[in-house]
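Here's the structure we're looking at; comments come further down.
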Amino acid sequence: MEMQGKVVIVTGAGSGIGRSLAQRIAKNGAEVVVCTDMNEDNVKDTASSIGEKGSSVFLDVSDEAAIESVVRDVEERHGRVDVFVSNAGYGQAGGLDLPTADWEKMMNVHTWSHLAAARAVIPGMLERGSGYLLSTASAAGLLTQMDSGPYAVSKHAAVALAEWLAITYAEKGIGVSVLCPQAVRTNIGGAANRNRNPSKPSQAGGDGVLEPDLVADACIETMREGRFLVLPHPEVETYFQRKANDYDRWLHGMRRFRERLIGS
């Protein structure tokens, strides 16, 4: 999928990966880039940095009806949505100690929002015989997240949903890619993530903190080539292969790794 002349919606575009994706998509020739976020000031700044082709909209992606409304509005204004980038997300440490509501919220933002986006845009894409869905998951969706049960589970689910969509709709002209980075210098982890020591990552196998622009470039390249996994940290593929080749050995290694990182 080339971005030239495309109408694109990007969620979580107020900062980090989302902002870089919106900017890079615009630079690659998109006709319209609709930037959404819950932080209205930040997302206005993103749209302003893009120029005339950029616009900003408040959006809480945990609200399925709100996603549908944004899509309908863009379709009415511009005739179509060619690309939907489902990128919004957040971090929260914890596990069984967290109330179910916290687990549900993370599923709403990291998984069900991707489902809502697909439901909203795929009918139009099917009519045109073309379209693209890019969702942001995490290396945690292929491996795990040491310090957050709901993050690991919701990101696994995001990868599984993207996989199902790719299997179901690729032959009908709809491309699907899923972004699975390790540490990226964003606001999700706060100062701890932005200034993290690469030798002490919280994410399984973390080997360094990448800048959002590099991650966005990897997404553009992957979409251009029509590949499924966006892996800006290439070592994630190696870890994923090790996991598949010997799951029990991998689990044993992760237990030891977790103890070194955050204790029992």
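Computed from the coordinates by the stated procedures, all read-outs in this text should not be read as laboratory data. Bear in mind the structure is a predicted one, so any value in this text is a computation, not a measurement. Positions of Cβ are generated from backbone atoms using ideal geometry, with glycine treated the same way; all protein chains shown enter the neighbour counts.
In terms of other Cβ atoms within 10 Å, Trp250, Trp164 run from fewest to most in the order Trp164, Trp250. Taking all Cα pairs closer than 8 Å and separated by 6 or more residues, the relative contact order of segment 32-145 comes to 26 percent.
Distant-in-sequence amide contacts of Val57, defined by a placed amide H-H separation under 5 Å and a gap of 5 or more residues or a different chain, comprise Cys35, Thr36, Asp37. Remark on Ser148: its backbone amide H falls under 5 Å from those of Gly94, a criterion applied only to residues 5 or more positions apart or on other chains, H modelled at 1.01 Å from N. Model label sites at Arg249 and Glu64, defined 7 Å from Cα along the beta-carbon direction, differ in position by 4.3 nm. Tilt of helix 247-262 relative to the longest C-alpha principal axis of the chain, in degrees (0 to 90, nearest 10)? It works out to around 80 degrees. Helix 235-245 and the longest principal axis of the C-alpha atoms of the chain enclose an angle of approximately 60°.
Here the gap between Ala160 and Leu126, fully extended at 0.36 nm per residue and compared with their Cα-Cα distance, gives a gain of 10.1 nm.
Calculate how steeply helix 149-169 sits against the longest principal axis of the alpha-carbon atoms of the chain, using the helix alpha-carbon long axis, and give the answer as 0 to 90 degrees to the nearest 10. Relative to the chain, helix 149-169 is tipped by roughly 50 degrees. Ordered by the number of other Cβ atoms lying within 10 Å of each residue's own Cβ, fewest first, Leu143, Leu251 fall into the sequence Leu251, Leu143. Sorted fewest first by neighbouring Cβ atoms within 10 angstrom, His78, His114 come out as His78, His114.
So which of Lys44/Lys172; Lys6/Lys44; Lys27/Lys105 end up more than 29 Å apart, counting from Cα to Cα?
Cα-Cα > 29 Å for Lys44/Lys172; Lys27/Lys105; rest within.
The computed Cα extents along the principal axes in Å for the structure shown corresponds, within (1) 58, 37, 33; (2) 54, 40, 34; (3) 44, 41, 36, to (2). Multiplying the residue separation of Phe257 and Arg227 by 0.36 nm and subtracting their alpha-carbon distance yields 7.7 nm.
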